[in-house]
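All of the numbers you see were taken from the coordinates with simple rules; none came from a lab. These figures come from a predicted structure and were not determined experimentally. With ideal geometry, Cβ positions are generated from the backbone for all residues, glycine too; neighbour counts draw on all protein chains shown.
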Amino acid sequence: HPYWHAAKRRNCDGDEDGVMLLLDPLLNFSRHYLPSKIGGRMDATLVIGTKLDPNEIDVEAHNIDTLYKYPLEFYEATERYSTPSEIEPIMNLVKSQLGTFGQYEHIGYNIPTDDINEGPTTSAYKLYETMDDKVTAQLHLAKIIKAVKAKKVAEKILTTHFNPDILGNLRKFSVQGFRCVKCNEKFRRVPISNSGKCPKCGNRVILTVNRGGIEKYIPRALDLCNDFNLDDYTKQRMELIEEYVESLTNNPKIKQHKLSDFF
């Protein structure tokens, strides 16, 4: 139920659900187990609620309709491309029932089922091993659904997923530290002493961010631009990002020198 997911601070967006028996967080929990990193307390059972109050959950769960059958006005509004706010009064949303018995009872549905457990047990997103397979499947679905514009889907994949991911990894690459391959000692910069080797154990010191993590989406992103004939701005932005990555990770003008070369 949307109440259930919203109360857990998790949206029902294809993620697998989980149930924890009450005694488990009570017996097997200690603050000493919590990571000291940022976000270490995010999913910890610090607070246990005993009652689900619809007034206290996220407001997006208040936007479910309670109708068993949609009125004719709803379908006529879809033909006019009306905004949701225009038809809200006729949809009898949960938020109009808050504070009454209607917030728990008589919440209708229009797709009946004999057993709610007969649905998919595994998200299709998990069946594809690589991101390329997932994107291909998503675009294939977009092409065969009449109400969806595949070109818009491709553009969204670029602007909301690929581009932020590439730029974020590029930033991490430019400010990354170094670590020893053996003892895993971390350094803000390459040690000057010991010819650039680890002063603790004498082994090699390497980068902490892999170049492949930056470049992995670029070929697929450029293919999307060409295959779907995206607008010039999107294409040129992707080409600029490719240039940024290339100039930082594979610049032939930059030659790595040893410290001894300067003496």
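Between 0 and 90 degrees, rounded to the nearest ten: what's the tilt of helix 232-249 against the longest Cα principal axis of the chain? That works out to roughly 40 degrees. Normalised by 2.2 N^0.38 Å, where N is the number of residues, the alpha-carbon radius of gyration of segment 31-176 equals 1.49. Summary value for the chain: 12 percent relative contact order, contacts being C-alpha pairs under 8 angstrom separated by 6+ residues. Among D58, D114, the ranking by other beta carbons within 10 Å of each residue's beta carbon, starting with the fewest, stands as D114, D58. Estimated from helices alone, the mean residue ellipticity of the chain at 222 nm is -10000 deg cm²/dmol (sum of -39500 (n - 2.57) over DSSP H runs with n ≥ 4, per residue). Entry note, segment 26-134: relative contact order of 25 percent, from Cα contacts under 8 Å with a spacing of 6+ residues.
Mean projected area of the convex hull spanned by the Cα atoms of segment 131-251, taken over all viewing directions: 9.0 nm². Listed from fewest to most Cβ neighbours within 10 Å, the set M91, M238, M131, M42 follows the order M42, M131, M91, M238. Our analysis of segment 134-201 gives Rg over Rh at 1.38, with the two radii drawn from alpha carbon positions and Rh computed by the Kirkwood formula. Each of P191, G168, V153 was placed along the dipole of the chain (beta-carbon charges, centred on the mean Cα), and the one lying farthest toward the positive end is P191.
Counting neighbouring Cβ atoms within 10 Å and putting the fewest first, the residues V181, V190 line up as V181, V190.
Ellipsoid semi-axes for segment 43-111, based on the Cα gyration tensor and the rule √(5λ), read 29, 14, 10 Å when sorted largest first. Note down the Stokes-Einstein diffusion coefficient of the chain in µm²/s, whole number, using a Kirkwood radius over alpha carbon pairs, 25 °C, and 0.890 mPa s. My calculation gives 100 µm²/s for D. In debye, nearest 20: dipole of the chain around its Cα centre with unit charges on the Cβ of K, R (+) and D, E (-)? Charge dipole, the chain, about its Cα centre: 2300 debye, nearest 20.
The distance linking segment 26-79 with segment 204-219 is 37 Å (Cα centroid to Cα centroid, whole angstrom).
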